[in-house]
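Every read-out reported here was derived from the displayed coordinates using simple, explicitly stated rules and does not represent laboratory data. Not measured: the values here are computed from a predicted model. No Cβ is skipped: glycine too gets one built from the backbone with ideal geometry, and neighbour counts run over all protein chains shown.
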Amino acid sequence: MVAVADPNSFIPNYLMSFAPISLSGFIIALIYGILAIVGGITGYLKARSKPSLISGIVSGLLIIIGALQAFRGINSGLVLMKLVALLLVIVFIIRLVKTRKFMPAGLMIMGGIVTLAVF
């Protein structure tokens, strides 16, 4: 079976998914993306950490953009969202091992695992 793209779309057929993600999956990914953005802003406000601000905003926006694309049925959005979520889980596992503090690492790990499990 070949995915059929809208003839008015500029998206190639091989990037189209057979089924877009569900609304609940989209909402979960959206919440995780917002959580990453808020975490980056909080890290900046508490510790004046520009790397936290930049990485939080960039990773959060990438997750949200990926979720929007996946919701529209575009495979590359799902791949983007999964890769960023997996990368965040790995980074925060390393941070949790180093600091042994649940916040924010544990929360981001749990959110990332839920996001990955939904898809």
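Quick notes on this one:
- If R0 is taken as 30 Å, the Cβ-Cβ distance between I94 and V58 corresponds to a FRET efficiency of 0.95.
- Each peptide in 102-114, 67-79 gets a packing score, the mean of other Cβ atoms within 10 Å over its residues, and the list from highest to lowest is 67-79, 102-114.
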